[in-house]
Amino acid sequence: MSVSWSLPFEEKISPHGIQKLVSEDAYKEFHNKTVNSYRNFWANVALELEWFKPWEKVLDETNPPFYRWFVGGELNASYLCLDRHVKTWRKNKIALIWEGEPMKDGKPVEVKRLTYYDLYREVNRVAYLFKKRYNLKRGDTVGIYLPMIPELPIVMLAAARLGVVFSVVFSGFSADALAERMNDADAKLLITADGVWRRGKILDLKSIADEALKKTNKISKVLVIRRAGNQVNLQQGRDELFDDVINEIPYNATVEPESVRSEDPLYILYTSGTTGKPKGQVHDVGGYMTLLHATMKWIFDIRDTDVYWCTADIGWVTGHSYVVFGPLMEGATGIMYEGALDFPQPDRWSSIIERYGVNIFYTSPTAIRGWMKNGEEWVKKHDTSTVRLMHSVGEPINPEAWRWLFRLVGRESVPFGSTWWMTETGGILISHTPGLLMVPMKPGTNGFPIPGVKAEVVDENGNAQKEGQRGYLIIRNPWPGMPLTIHKDPQKFVQVYFSKFSGAFYTGDYAVRDKDGYFWVLGRADEVIKVAGHRLGTYELESALIQHRAVAEAAVVGVPDEVKGEVPVAFVILRQGFKPGEELRKELREWVRGKVGPVASLKDVLFVSKLPKTRSAKIMRRVVQAVAVGKPVGDVTTLEDEASVEEVKRAYSQLQEELKG
Ligand code: WT7
């Protein structure tokens, strides 16, 4: 197989897809222009949305890093996603195709197709319910703990319609994680479901929510959506079944969309950081929607004839931006799938592509590596030739995984990129932009910063790193879609993102630029690990561990995994009176899953009597990690703060000895 990375795209995919294949230099020249006048540049993009009130100032920079975009402007995200289309021929276009997990005789048991008008109706009814029955007002917060069912985007849009801030918690998080987030967000109402289908079994969500509700006194009402039909306990005066209350709302109830300010919060989404509790990223309306509009066009080249599928769960930011708000704002037809991508058979995902004729496919390296392991015959069982554009997200994509999907689904001809961004950025910031200008592909690269965004790879002092040398990824200029703040912790917002390299946004990622100027994000430079693309703070896993009665101290590090990219391994010092053993190892793994959620599955628990520490009693994480991975200590690239080479070496061999013994 010979593959050329500079394909003549214009010939191959026209009229759909690439508008122009350009050289790196031509892209850089164009990009420079957009960056030099980024305020005007973004203002022109924002003009393509529909504003109830025009802005007075494109960017308020009076209180950095608390930048505010399109100040004075007013709009509504639910209006942009629904009302705007309902006024056009798109009214009867399918907005969402939903497929439930259960299958029978090789067919999905439940498929729902919702047009823009259907969605508009449902969102209006729910907004009416929120307003009339729960008395929710602009600025209030609702919590959402729902699986991938159509009601999830519906309640998000209903909240947005009223200017009510929503905070979605991924349905794979535990009761503790849910309670912590709801407390921080001050949610008044929680919307959850009875259960969800996951790999043929029902996961009882309501019981988890009940556990969480014991640990929060802020939520006074709970709305329960029926999905799995399992038994639920309803607490009198607090819990209500969605079906019961929504049935009382007339089918044609409407609620005017609130004219909210551009810089008002749309949602809070929690994400893990280096230390401390998960941080609530607060996203605005105007900037966020502007970035989504731009990226849907430039990166996904979205068109009215497309069926678009982003496989992410809405519980994560990818789902917020690229399952809900982005595609709906563009009037696209999107797929939403409830369950596991390889259930009941490894070809579930490719069968979905075939069933609906997916044209644009957005997925993750972890998913691709899982499919690779199952063998390509599963892909070949289905016709996936409708796909004309693909992207990956969540973690670096290894060239093998990239090549595999490029060959089997991409027919070695479609644009296929790896879009870099994070919960904080709101939308994609580094990517190939096949809908605008396309530079040749390279397997595994992220491509270039999108127009208007100035990203750099710098050394410890903030100076541009030499090409081919690893450095820190930073964003120099404010961009629409950036967080307003960390909820209830503006100081932390400054400290975590804007103090390491004064004035610039620090991503927490390592990256490198190659000789052609392409960006390659290598992975996290901090104590965050990406497990199957999910972001976990090792600190959170450690605090879960030390809550167990047997554990005195714990250090969690990530080790490479063939499918998941990285998995956590714990080093544990036991309290007096506890004996290491298989039983306890199992118990601790279960314990952490219970505390944080099934996303946090420790691959292994290693019992040790001592952990290497620096003089100020900080755990030498890189040493622990090197031992866990079996790397020689010489490869511990950055020395631990305050520790000498000798100390690091000694710590390394001590820990290694202990594991052998
Ligand atoms: C971290 C952010 C926002 C998308 C979902 C993840 C890593 C994300 C890529 C990519 C290399 C990537 C980074 C980043 N990451 N996309 N295409 N190539 N790394 O959002 O959970 O906030 O995680 O994911 O390390 O910092 P998130």
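The values are calculated or read from the model by the stated rules, or taken from the named source; none is laboratory data. All figures in this text were calculated on a predicted structure; none of them were measured in a lab. Positions of Cβ are backbone-derived with ideal geometry, glycine not excepted, and every protein chain shown enters the neighbour counts.
Observations, loosely collected:
- When residues in the range 488-521 are screened for being touching a helix residue (DSSP H, G or I) at 6+ places or on another chain (Cβ under 6 Å), of a type outside the set (Ser, Thr, Tyr) and within 16 Å of the ligand (Cβ to nearest atom), 1 of them pass.
- Residue match in the range 385-392 (condition: among the hydroxyl-bearing types (Ser, Thr, Tyr), within 15 Å of the ligand (Cβ to nearest atom) and within 19 Å of Val307 (Cα to Cα)): yes
- Checking each residue of the range 118-126 against the condition of being among the β-branched types (Val, Ile, Thr), within 17 Å of Ala253 (Cα to Cα) and touching a residue at least 60 places away in the same chain (Cβ under 8 Å) gives at least one match.
- When Trp98, Trp69 are screened for being under 28 Å from Pro346 (Cβ atoms), in contact (Cβ under 8 Å) with a residue 12 or more places away in the chain and among the aromatic types (Phe, Trp, Tyr), only Trp98 passes.
- With respect to the stated conditions, Arg403 is basic (Lys, Arg) and touching a residue at least 40 places away in the same chain (Cβ under 8 Å).
- The range 393-409 - residue that is over 16 Å from Pro560 (Cα atoms) and crowded, with 20+ Cβ neighbours inside 10 Å and, of those, nearest to the ligand (Cβ to nearest atom): Val393
- Residues of the range 537-561 satisfying the condition of being within 17 Å of Ala617 (Cα to Cα), assigned to a helix (DSSP H, G or I) and touching a helix residue (DSSP H, G or I) at 6+ places or on another chain (Cβ under 6 Å): none
- Residue ranges of helices (runs of 4 or more DSSP H) in the range 166-276 with at least 1 members free of Cβ contacts under 8 Å to residues at least 40 places away in the same chain and surrounded by 19 or more Cβ atoms within 10 Å (Cβ to Cβ): 175-185, 205-214
- Among the residues of the range 445-456, those that are more than 10 Å from Tyr518 (Cα to Cα) and either more than 13 Å from the ligand (Cβ to nearest atom) or in contact with a Ser or Thr (Cβ under 7 Å, 6 or more places away or on another chain) (or both) comprise Ile450, Pro451, Gly452, Val453, Lys454, Glu456.
- Conditions (1) in a loop (DSSP other than H, G, I, E, B); (2) over 22 Å from Leu146 (Cα atoms); (3) in contact with a helix residue (DSSP H, G or I) (Cβ under 7 Å, 6 or more places away or on another chain); (4) within 16 Å of the ligand (Cβ to nearest atom): number failed by Gly331: (4)
- Selected residue (criterion: surrounded by the most Cβ atoms within 10 Å (Cβ to Cβ)) from residues of the range 370-389 that are among the hydrophobic types (A, V, I, L, M, F, W, C) and in a helix (DSSP H, G or I): Trp371
- The range 487-516 residues that are touching a residue at least 12 places away in the same chain (Cβ under 8 Å), paired with ones that are of a type in the set (Val, Ile, Thr) and away from the ligand (no atom under 16 Å from the Cβ) (beta carbon under 7 Å, 6 or more apart): Phe493/Thr485
- Against the test of being polar (S, T, N, Q), more than 11 Å from the ligand (Cβ to nearest atom) and in contact with a strand residue (DSSP E or B) (Cβ under 6 Å, 6 or more places away or on another chain), the options Thr423, Thr433, Thr419, Thr485 yield a single qualifying residue, Thr485.
- Selection from the range 458-477 of residues that are in a loop (DSSP other than H, G, I, E, B) and touching a residue at least 40 places away in the same chain (Cβ under 8 Å): Gly462, Gln465, Glu467, Gly468, Gln469, Arg470, Asn477
For every residue, the table says whether it meets (1) of a type in the set (S, T, N, Q); (2) over 25 Å from Asp25 (Cα atoms).
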position	(1), (2)
Val393	no, yes
Arg407	no, yes
Thr433	yes, no
Met441	no, no
Gly444	no, no
Gly452	no, no
Ala464	no, no
Ile475	no, no
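- From the options Glu412, Glu467, residue that is farther than 21 Å from Thr274 by Cβ, away from the ligand (no atom under 13 Å from the Cβ), at pLDDT 95 or above and among the acidic types (Asp, Glu): Glu467
- Scanning the range 228-243 finds one or more residues that are modelled with pLDDT of 95 or more and among the aromatic types (Phe, Trp, Tyr).
- Filtered by the rule that a residue be over 12 Å from Glu566 (Cα atoms), within 13 Å of the ligand (Cβ to nearest atom) and among the aliphatic types (A, V, I, L, M), the range 522-547 gives Leu522, Ala525.
- First in the range 429-443 and touching a residue at least 40 places away in the same chain (Cβ under 8 Å), second anywhere and in a loop (DSSP other than H, G, I, E, B) and among the small types (Gly, Ala, Ser), Cβ under 7 Å, 6 or more apart: Pro434/Gly17; Pro440/Ser6
- The residues in the range 48-66 that are under 27 Å from the mean Cα position of the chain (by Cα) and free of Cβ contacts under 8 Å to residues at least 12 places away in the same chain can be counted, and the count is 0.
Yes or no, residue by residue, for (1) modelled with pLDDT under 85; (2) on the phi < 0 side of the Ramachandran plot; (3) surrounded by fewer than 21 Cβ atoms within 10 Å (Cβ to Cβ):
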{"residue": "Ser601", "(1), (2), (3)": "no, yes, yes"}
{"residue": "Ser609", "(1), (2), (3)": "no, yes, yes"}
{"residue": "Thr614", "(1), (2), (3)": "yes, yes, yes"}
{"residue": "Val623", "(1), (2), (3)": "no, yes, no"}
{"residue": "Ala628", "(1), (2), (3)": "no, yes, no"}
{"residue": "Pro632", "(1), (2), (3)": "yes, yes, yes"}
{"residue": "Thr637", "(1), (2), (3)": "yes, yes, yes"}
{"residue": "Ser644", "(1), (2), (3)": "yes, yes, yes"}
{"residue": "Tyr652", "(1), (2), (3)": "yes, yes, no"}
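- Some residue of the range 584-598 being buried (at least 19 other Cβ atoms within 10 Å of the Cβ), touching a Gly at 6+ places or on another chain (Cβ under 6 Å) and within 22 Å of Ser171 (Cα to Cα): yes
- Highlighted here are the strands (runs of 3 or more DSSP E) found entirely within the range 64-148 that include at least 1 residues which are among the polar types (S, T, N, Q) and modelled with pLDDT of 95 or more: 111-115, 141-145.
- Meets criteria (surrounded by fewer than 23 Cβ atoms within 10 Å (Cβ to Cβ), within 23 Å of Val111 (Cβ to Cβ) and within 16 Å of the ligand (Cβ to nearest atom)) for Ala340: no
- Ala312 being in a loop (DSSP other than H, G, I, E, B), closer than 25 Å to Ile430 by Cα and within 16 Å of the ligand (Cβ to nearest atom): yes
- Unique match (being in a helix (DSSP H, G or I) and touching a residue at least 12 places away in the same chain (Cβ under 8 Å)) among Leu588, Leu611, Leu602, Leu606: Leu588
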